[in-house]
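The structure appears below as structure tokens.
The values are calculated or read from the model by the stated rules, or taken from the named source; none is laboratory data. Since the model is a prediction, treat every value here as computed from it, not as a measurement. Positions of Cβ are backbone-derived with ideal geometry, glycine not excepted, and every protein chain shown enters the neighbour counts. These area figures cover heavy atoms from the full protein model, side chains too; ligands, DNA and RNA do not enter into them. Shrake-Rupley method; radii C 1.70, N 1.55, O 1.52, S 1.80 Å.
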Amino acid sequence: MNEKDYTKGIGYYNSKNLMLLEYLIQLQFYQLFKINGEDLASGDGLELYKRLAYLKTLLTKLGPVEKKL
């Protein structure tokens with residue numbers, strides 16, 4: 001019987017889940033910034049915005065990779 005090694009795929013899904021969790025956490029901070037009326041164009045708001053854009057780009061690019069698994 002052929003046994004396949006799924007450990008690489010499981011590692012991929014664990015990493016993706018951690019990225020999704022981080023994205024959701026950053027979205028919550030974004031909502032707090034908006035509720036409090038803080039400026040997103042400078043300081044911590046700008047860093048938050050950059051981090052959200054980075055995570056969204058990564059998650060979008062992982063879509064085709066996931067289809068191959």
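Can you tell me the dipole magnitude for the chain around its Cα centre, using point charges on the Cβ only (Lys, Arg +1; Asp, Glu -1), in Debye to the nearest 20?
380 debye
By how many degrees, between 0 and 90 and to the nearest 10, does the Cα long axis of helix 43-68 differ from the longest principal axis of the chain?
Helix 43-68 sits roughly 20 degrees off the main axis of the chain.
If you average the sequence gap of Cα pairs under 8 Å that are 6 or more apart and divide by the length of the chain, what percent do you get for the contact order?
33 percent
Carbon and sulfur: what percent of the chain's accessible surface (1.4 Å probe)?
Working: 3450 of 5860 Å².
Looking at the chain in its full context, I get 59 percent from C and S.
Number of Lys pairs in the chain with C-alpha atoms less than 14 angstrom apart, excluding same-chain neighbours closer than eight positions?
Summing the qualifying lysine pairs gives 5.
Grab the other residues whose beta carbon is less than 15 angstrom from that of Arg51, score K and R as +1, D and E as -1, and report the net. Intermediate results must be reported in sequence, preceding the final value.
Values: positive: Lys50, Lys56; negative: Glu22, Asp44, Glu47.
So the environment of Arg51 carries a net charge of -1.
Relative to the longest principal axis of the chain, what angle (0 to 90°, nearest 10) does the C-alpha long axis of helix 7-35 take?
So the helix axis and the longest Cα principal axis differ by about 10 degrees.
Given 25 °C and 0.890 mPa s, how large is the Stokes-Einstein diffusion coefficient of the chain in µm²/s, with Rh as the Kirkwood radius over Cα pairs?
176 µm²/s
Between Tyr49 and Ile25, what is 0.36 nm times their sequence separation minus the Cα-Cα distance? Round to one decimal in nm. Present the calculation step by step, with values, prior to reporting the outcome.
Values: separation 24, 0.36 × 24 = 8.64 nm, distance 1.25 nm.
Extending this stretch completely gives an extra 7.4 nm.
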